[in-house]
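For reference, the structure I am asking about is given below.
Read-outs: derived from the displayed coordinates by stated rules, not from any lab. A quick note: this is a predicted structure, and the numbers were derived from the prediction, not measured. Reconstructed Cβ throughout: ideal geometry from the backbone, glycine too, with neighbour counts over all protein chains shown.
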Amino acid sequence: MINNEAKKARNGAKLLMQTFQKLFGSAIALVFVLAAHPAKNSNFVAGNVLIIAEQASELPRADDPSGARTGVPDYTMQTLKGKEMRLSAQRGHPVLLDFFLADCPHCKAHAPYVADLARRFRAQGLTVVNLTPNNPYTERESVETYAREAKIENEVAFVSGEVAMLYLTQNEAGHYGFPQAVLFDAAGRIAARFDKWEEKDRPRIEAAITKQLAK
């Protein structure tokens, strides 16, 4: 049976979802669900709250600031270098969004490979952006260390957890884990999702990138 706390959480989630729909259109629905158990694996989102969202099918569009068409409102991000960056401005060529947490061991293990992808495919037109929901004020140093150790040369930017969850997929346990990546084609549509970064998956990842660059 559902206890009173769970009922309260569910009612609060419904209210938040209705509010978010009014602000950004019915295509977006964020539902907060209390996790039954904190994440035990370091590649899970830590804490006792999970954010569930309808999957975005496109990058944000500058001509769709409310997200009414795509389900993703256009937004400005702060980069690690202190600049502002609009994701909608990346349209026109393939874009790989790599989502990570600075203190996640799995993220740290895969980061050098993503940095290498960015360098190898940059001249062919691939844009890689590393995105993290880490706090830009209290956790910036950790993110700087992460980027430095992985030798990341492309943009690293901070996004809210709500924005990150618009792109992520659930793992087998029903959680949204890190790291994950989403590849967009030149028109801004999702071409592939990578929710695992095991070495055996690398040929598939690079084949997907090469396919988009060849168009």
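Work through the residues other than N130 whose Cβ is under 9 Å from its Cβ and net out their charges, Lys, Arg +1 and Asp, Glu -1.
Local net charge: -2.
Please give me the summed charge of the neighbours of N154: other residues whose Cβ is under 10 Å from its Cβ, Lys and Arg +1, Asp and Glu -1.
With Lys, Arg at +1 and Asp, Glu at -1, the net is -1.
Give me the one-decimal nm value for the distance between modelled label points at E162 and A68, 7 Å along each residue's Cα-to-Cβ direction.
Once both label points are built, they end up 1.9 nm from each other.
Something else about it: Which of the GluC sites (Glu not before Pro) found in the range 113-215 are loop residues per DSSP with 10 or fewer other Cβ atoms within 10 Å of their Cβ?
Loop-located and lightly packed - E172, E198.
A further question follows. Tell me, in nm to one decimal, what length is gained between T79 and A214 on full extension, where the rule is 0.36 nm per residue of separation less the Cα-Cα distance?
45.7 nm
Residues of the range 92-130 with backbone nitrogen within less than 16 Å of a virtual label 7 Å along the Cα-to-Cβ line of E141, please, listed as ranges.
102-103
Can you sort D103, D195 by how many other beta carbons sit within 10 Å, fewest first?
With the sparsest Cβ surroundings first, the list reads D103, D195.
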